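Structure first, commentary second.
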Amino acid sequence: MPLTLKLPATGGGLQAYRLRDAMPWAPPTSRPVLDRIAYSAAHVVADVQADAAPWLDCRIDWDATIAYRRRLWSLGLGVAEAMDTAQRGMGLDWPTSLELIRRSLDAARDVPGALIASGCGTDHLAPEAARSVDDVIRAYEEQMAAIEKLGGTLIIMASRALARVARSPADYERVYDRVLRQARQPVLLHWLGEMFDPALKGYWGSDDVDQATDTVLGIIEANAAKVDGIKISLLDKDKEIALRRRLPAAGGPDGRGVRMYTGDDFNYAELIAGDGAGTLPTHGKSDALLGIFDAIAPAASAALAALAAGDTERFHAILAPTVPLSRHIFGAPTRFYKTGVVFMAWLNGHQDHFTMVGGQQSARSLPHFCDLFRLADAAGLIEQPEQAVRRMRALLVLHGIE
């Protein structure tokens, strides 16, 4: 019997909503073999029983947090750890990030083939405390040393402190050259657009994306052996494709070229499928490092497995309904997308509560959550319908709607 509940309607009042009868595809029953590298940036679960100030103190439910990473690995996805999806810089501080990285690396050792890379930044250095690029270099070096001591692969995150003190592209070249020369193994670079973090406006030394692209490409070419790939999150597929086709032919851990890891939560299906253009395989398609994969993990896994089997039509059929959901979750202000990701995890029973580090569960409105519920259902991503309906009704009651 189809489930129904009443949700707030546009213009006021309540309107009956009926959930779809069945998922349009079956989630994988075993870990699939994929032909794309696909990292999911993973969220953290707050410890709601900790007696702490939720806006100020960072308390994590470690068991639930690591269990979610095990789920991602079981679906064939990698984990991009301690990134912005984990509320890095929006509630997750550096000491807790390092503990998260340590625990995730320990868990990964128990999972054959588990893929994990960890965010390395400068967030323990307050941007206003940075006086020069040398301060930024030292901050990067401190986090690099700590993560590499644990055996972790690095994702070099964009730095708010560098964006504040840099005066030209040459400052970025100096910092990244120094960091990359010291890396023990190839790293992933991370270009996060200002829609995700306003403090990163003008990164790489220019507000002009084409000029910024030239700068980062020069850094990659000068250090290709130390660069596995670059993730860009600009929500502009044409800019991503343009950079992808210019990436060096040599470099990366296998010497087959520097990879593009799409961070485009609006156009990921098209970018991952690729167009086959360019002189190298790495020029014609993107791998992935996406926050949305946390929320749509079963669909992402099934779609990527279909793509690996050569069934591009099925790949798009599975992912196409997830795109409206992703565009909603990542809608402006984009930096609050983490709230939608955690809401999905709670709705689907992967954690017992909808409380976030830093109190970020309040960052979106009730109408936003109602639309998210509808879109998740349309995408076949309501995993336990009866439980999801109960939890949605509880949220409505919390907002004064019975």
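The values are calculated or read from the model by the stated rules, or taken from the named source; none is laboratory data. Given the structure is predicted, the values throughout are model-derived calculations rather than measurements. All Cβ positions, glycine included, derive from the backbone under ideal geometry; neighbour counts span all protein chains shown. With ligands, DNA and RNA removed, areas are computed over all heavy atoms of the protein, side chains included. Shrake-Rupley method; radii C 1.70, N 1.55, O 1.52, S 1.80 Å.
Note on LEU5 and ASP106: with the Förster distance fixed at 60 Å, the Cβ-Cβ geometry gives a FRET efficiency of about 0.90. Taking every DSSP bridge with both residues inside the chain, close to 20 percent are antiparallel. Residues considered: GLN360, GLN15, GLN351. Largest GNM mean-square fluctuation over the chain, using C-alpha springs under 10 Å, is found at GLN15.
Report the calculated FRET efficiency for ARG164 and HIS316 (r = Cβ-Cβ distance, R0 = 35 Å), to the nearest 0.05.
Using R0 = 35 Å, I get an efficiency of 0.25.
If you average the sequence gap of Cα pairs under 8 Å that are 6 or more apart and divide by the length of segment 305-402, what percent do you get for the contact order? 27 percent. Using heavy atoms of the protein chains and a probe of 1.4 Å, the accessible area assigned to TRP73 is about 0 Å².
The accessible surface of the chain, taken with every protein chain in place and a 1.4 Å probe, is 50 percent carbon and sulfur.
Pair-distance distribution of segment 11-80: all C-alpha pairs, bin width 10 Å, starting at 0; shares per bin in whole percent are 16, 27, 24, 27, 7.
The gain in end-to-end length when the ALA332 to SER132 segment is fully stretched comes to 68.8 nm, 0.36 nm per residue minus the alpha carbon separation. If a spin label sat at a point 7 angstrom from the Cα of GLN387 along the line to its beta carbon, the backbone N atoms of segment 334-362 nearer than 12 Å would be those of 345-353.
For the chain, modelled as a GNM whose springs connect Cα atoms under 10 angstrom apart, the maximal fluctuation among GLY119, GLY310, GLY257 occurs at GLY310. Here the label points at ALA277 and ASP63, each 7 Å from Cα along the C-beta direction, are separated by 5.2 nm in the simple model. Using a simple spin-label model with pseudo-atoms 7 Å out from Cα toward Cβ, GLU99 and TRP25 lie 3.8 nm apart.
Here segment 22-79 and segment 207-237 have alpha carbon centers that stand 28 Å from each other. The HN-Hα couplings worked out from phi for segment 367-384 by the Karplus form 6.51 cos²θ - 1.76 cosθ + 1.60 (θ = phi - 60°) are x, 4, 5, 5, 5, 4, 4, 4, 5, 5, 5, 4, 8, x, 10, 8, 7, 10 Hz, whole numbers, x standing for Gly and Pro.
For ALA46, the residues whose amide H sits under 5 Å from its own are ASP61, VAL357, ignoring neighbours fewer than 5 places away on the same chain, with H placed 1.01 Å from N.
If you run the Gaussian network model on the chain, springs between alpha carbon atoms under 10 Å, then out of ARG244, ARG71, ARG335 the most flexible one is ARG71.
Read through the labelled values (1) 140; (2) 128; (3) 315 and report the label of the one computed as volume of the Cα convex hull per residue in Å³ from the structure. For volume of the Cα convex hull per residue in Å³, the calculated option is (1).
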